[in-house]
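**Q** Let me begin by handing over the structure; questions about it come next.
The values are calculated or read from the model by the stated rules, or taken from the named source; none is laboratory data. All values reported here derive from a predicted model rather than from experimental measurement. Backbone-built Cβ (ideal geometry, glycine too); neighbour counts: all protein chains shown.
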Amino acid sequence: MQVKTIRNALTIDVEDYFQVSAFAPYIPRDHWERRDCRVERNVERILQMLDDHGTKATFFTLGWIAERHPQVVRRIVEQGHELASHGYGHERASDLTESAFFSDIDSAKKILEDLSGCSVTGYRAPSFSIGEGNLWAFDCLERAGYRYSSSIYPIRHDHYGMPDAPRFAHRVRGALVEVPVTTARLLNRNWPASGGGYFRLMPYALSSWLLRQVNQNDGQPVIFYFHPWEIDVDQPRVEGINAKTRFRHYVNLHRTEARIRRLLRDFSWARMDEIFLPDGVAR
């Protein structure tokens, strides 16, 4: 069943497999340079997939990746997609002081703008790490010149979540808007319906049904996300990780690309700035 009446936001968090927060206890940050970085080839595959379906998207990109792979940033912009910030080094906002957080988001924004020649107005915190304990992050984002954030996940999770937060776009500071990733409201609780590991775990029929509930019952656009490493079946396996981390990271990687292609056919998609900024695409 195709749902084409509401334009939804398709987003990609541009980080590599070794930068995933769940791997932090196993892969020290100073070992990142030793790893085979696969993000360039995976982003290229995503760009081709989006072109095949005539879809534009938002790429929340790490400054660390942009510095080492500037051609990735340029390719994203050349293809007409929105370039947005995922911070510099994939440090959770909840693990940083206010000054360290500002430095992270400010440097990432400047790196991305310098490399692309475009204004960067959107931000997503690594691991959706803005919540009740660090709402000061919005003050930092406003000061750094961002216009929207997509950093709150209104669910309860062992690594993140703010279950009582508003489910849809809302103003949080001055002109700064928070656009939470999507949840479906069923049985008096919020259920994850935004992508990532949940999309890989659940059957496609259930994922698409949840997204349709948001479009049809709430009349709201969906914010869907995935990572380049989620279409990379051949990525190196990280040794020594616990069973829960192994399952969450590797489950159904071989099915992800086909499911995303189906999602592109079944729903209408656009960039975040086209949907949520009052003046449309930022220039």
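**Q** Tell me whether region 45-61 contains one or more residues that are modelled with pLDDT under 95 and touching a strand residue (DSSP E or B) at 6+ places or on another chain (Cβ under 6 Å).
**A** Filtering region 45-61 for residues modelled with pLDDT under 95 gives none.
No, region 45-61 contains no residue that is modelled with pLDDT under 95 and touching a strand residue (DSSP E or B) at 6+ places or on another chain (Cβ under 6 Å).
To keep it simple, each residue is scored yes or no on (1) under 22 Å from Phe224 (Cα atoms); (2) acidic (Asp, Glu); (3) crowded, with 23+ Cβ neighbours inside 10 Å.
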position: Ala108; (1), (2), (3): no, no, yes
position: Cys118; (1), (2), (3): no, no, no
position: Pro126; (1), (2), (3): yes, no, yes
position: Ser129; (1), (2), (3): yes, no, yes
position: Glu142; (1), (2), (3): no, yes, no
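**Q** Before we move on, is Ile111 assigned to a helix (DSSP H, G or I) and either touching a residue at least 40 places away in the same chain (Cβ under 8 Å) or more than 23 Å from Thr61 (Cβ to Cβ) (or both)?
**A** Numbers: assigned to a helix (DSSP H, G or I): yes; either touching a residue at least 40 places away in the same chain (Cβ under 8 Å) or more than 23 Å from Thr61 (Cβ to Cβ) (or both): yes.
Criteria met by Ile111.
**Q** For region 59-106, enumerate the residues that are among the polar types (S, T, N, Q) and buried (at least 20 other Cβ atoms within 10 Å of the Cβ). Working first, answer last.
**A** Step one: filter region 59-106 for residues among the polar types (S, T, N, Q), giving 61, 71, 79, 85, 94, 97, 99, 103.
Across region 59-106, the qualifying residues are Thr61, Ser85.
**Q** So for region 9-23 (the condition being over 18 Å from Arg124 (Cα atoms), over 13 Å from the mean Cα position of the chain (by Cα) and either without any contact (Cβ under 8 Å) to a residue 60 or more places away in the chain or not in a helix (DSSP H, G or I) (or both)), does at least one residue qualify? Please lay out each step first, then the result.
**A** Within region 9-23, the subset over 18 Å from Arg124 (Cα atoms) is 18, 23.
Restricting the remaining residues to those that are over 13 Å from the mean Cα position of the chain (by Cα) gives 18, 23.
The next check asks that each one be either without any contact (Cβ under 8 Å) to a residue 60 or more places away in the chain or not in a helix (DSSP H, G or I) (or both); those that pass are none.
No, every residue in region 9-23 fails to be over 18 Å from Arg124 (Cα atoms), over 13 Å from the mean Cα position of the chain (by Cα) and either without any contact (Cβ under 8 Å) to a residue 60 or more places away in the chain or not in a helix (DSSP H, G or I) (or both).
**Q** Within region 141-157, is even one residue more than 17 Å from Gly196 (Cβ to Cβ), part of a loop (DSSP other than H, G, I, E, B), hydrophobic (A, V, I, L, M, F, W, C) and in contact with a helix residue (DSSP H, G or I) (Cβ under 7 Å, 6 or more places away or on another chain)? Outline the logic, then answer.
**A** Keep residues of region 141-157 that are more than 17 Å from Gly196 (Cβ to Cβ), which gives 141-149.
When the remaining residues are screened for being part of a loop (DSSP other than H, G, I, E, B), the result is 145-147.
Narrowing further to those that are hydrophobic (A, V, I, L, M, F, W, C): none.
Among the residues of region 141-157, not one is more than 17 Å from Gly196 (Cβ to Cβ), part of a loop (DSSP other than H, G, I, E, B), hydrophobic (A, V, I, L, M, F, W, C) and in contact with a helix residue (DSSP H, G or I) (Cβ under 7 Å, 6 or more places away or on another chain), which makes the answer no.
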